Amino acid sequence: MYYDALKTFVSVVEEQSFTKAAEKLMISQPSVSVHIKNLEKEFQTSLFLRSPKMLKITPSGEILYDRAKQMIQIYEHTKRDIYEHHHRVKGMLTIGASFTIGEYILPSFLAKLREQYPDIDVEVTIGNTKEIAQLVRHFKVDVGLIEGHTEESDLHIQSFMDDELAIVASVDHPLAQLKKIEIDDLQNQRWVAREKGSGTREYLDHVLMSNGLKMKSMLTISSNQGIKEAIVHDLGMSVLSLCAIKEDVEQKHLSILNVNTAPFKRRFSYIYPANSAHKKVAELFIQLLN
């Protein structure tokens, strides 16, 4: 195989010097000379005109120079493709995701994963935070993505993304007509909420309790889309992630209430069993999240 000789020849042409080519390739000058002589013997022609003050490529050398660059490129591409074939990441990745993450956040991460590792198969299960924690704990999914907290001590939890929530109501709700709303204006209102065990429900309960708010009524629906439809039909207000309501607000189906309080923020996290080794595909996905 004349790969090294061709690479040396190309360097001599481009550097216009045996000495500089040797320095560039980090080989000895005699090695450069041997490579050139082997090529001249192979093609039965002189590749350079040499003199103490000049090094000039011959017409035969010009022909070989263009072909040599092509052969080197083909060789390196082939070597890379064969390496990738033997080291290509394959396998099944199982992900458990809470509703908000699974419906609005996860797809963009999966697109990046598919772009980098097209041979990985992915299976996604969507449930509330409590359900996802149980799936991870019982090794039914490789990694879980949750929007709340978990009390499972045998799970490792790591945040990967900030989230902001808002209080939303129908565009016809009386509070939606106000430019500024005080917390007390939220007393004795009708609310629509996710089920117990949901991270979003956990945050709503926190908002109500920490602000001493009493409810007129509570409608529970185990679906973000179901909650939004209920709000549109003026069945109550709710606390939802901005990523879940962005399009609905832009299309004027829902209204964000401008409550005079600090922003409602939380963290999205991934979880996995604390004392178990990751599958390779799970490690790659976690790296992507980070």
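Scanning the range 129-177 for residues that are charged (D, E, K, R) and in a loop (DSSP other than H, G, I, E, B) yields a count of 7.
Note on the range 87-144: among residues that are of a type in the set (Gly, Ala, Ser) and touching a Ser or Thr at 6+ places or on another chain (Cβ under 6 Å), the one that is nearest to MET161 (Cα to Cα) is SER98.
For the range 1-17, a tally of residues being exposed (fewer than 15 other Cβ atoms within 10 Å of the Cβ), more than 16 Å from GLU76 (Cα to Cα) and in contact (Cβ under 8 Å) with a residue 12 or more places away in the chain returns 1.
If you filter the range 16-31 down to residues that are small (Gly, Ala, Ser) and not in a helix (DSSP H, G or I), you find that the one that is nearest to GLU62 (Cα to Cα) is SER17.
In the set LYS112, LYS130, only one residue is touching a helix residue (DSSP H, G or I) at 6+ places or on another chain (Cβ under 8 Å) and open to solvent by 20 Å² or more (accessible area, probe 1.4 Å); that residue is LYS112.
Report whether or not ALA176 is among the small types (Gly, Ala, Ser), under 21 Å from SER223 (Cβ atoms) and touching a residue at least 12 places away in the same chain (Cβ under 8 Å).
Working: among the small types (Gly, Ala, Ser): yes; under 21 Å from SER223 (Cβ atoms): no; touching a residue at least 12 places away in the same chain (Cβ under 8 Å): yes.
Criteria not met by ALA176.
Annotation note: Cβ proximity below 9 Å between a residue of the range 197-208 that is among the acidic types (Asp, Glu) and a residue that is open to solvent by 30 Å² or more (accessible area, probe 1.4 Å) and not in a helix (DSSP H, G or I) (sequence gap 6+ or interchain) occurs for GLU202/HIS149; GLU202/LYS196; ASP205/LYS196.
The residue pairs whose first member lies in the range 221-233 and is in the same structural domain as ARG201 (by the TED database) and in contact (Cβ under 8 Å) with a residue 24 or more places away in the chain, whose second member is buried (at least 16 other Cβ atoms within 10 Å of the Cβ) and among the hydroxyl-bearing types (Ser, Thr, Tyr), and whose beta carbons are closer than 7 Å, counting only pairs six or more residues apart or on different chains, are ASN224/THR100; ILE227/SER238; ILE231/SER170; ILE231/SER238; VAL232/SER170.
Yes/no matrix, rows are residues, columns are (1) outside the structural domain of THR129 (by the TED database); (2) open to solvent by 10 Å² or more (accessible area, probe 1.4 Å); (3) within 20 Å of GLU164 (Cα to Cα):
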| site | (1), (2), (3) |
| --- | --- |
| LEU235 | yes, yes, no |
| ALA244 | yes, no, yes |
| ASP248 | yes, yes, yes |
| LEU254 | yes, no, yes |
| THR261 | yes, yes, yes |
| ASN275 | no, yes, no |
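Restricting the first residue to the range 243-260 and requiring it to be more than 14 Å from HIS173 (Cβ to Cβ), which pairs with a second residue that is open to solvent by 40 Å² or more (accessible area, probe 1.4 Å) and not β-branched (Val, Ile, Thr) meet a Cβ separation below 8 Å and a spacing of at least six or different chains? Sorted first by the residue in the range 243-260, then by its partner, the pairs are CYS243/TYR104; ALA244/GLU103; ALA244/TYR104; ASN260/LYS180; ASN260/GLU182. Per this entry, ILE101 is not counted among residues that are open to solvent by less than 30 Å² (accessible area, probe 1.4 Å), touching a helix residue (DSSP H, G or I) at 6+ places or on another chain (Cβ under 7 Å) and part of a helix (DSSP H, G or I).
The values are calculated or read from the model by the stated rules, or taken from the named source; none is laboratory data. Since the structure is predicted, the reported quantities are computational estimates derived from the model, not experimental observations. Please note: Cβ atoms are built from the backbone with ideal geometry, for glycine as well, and neighbour counts cover all protein chains shown. Accessible surface areas use protein heavy atoms only, side chains included; no ligands, DNA or RNA. Shrake-Rupley method; radii C 1.70, N 1.55, O 1.52, S 1.80 Å.
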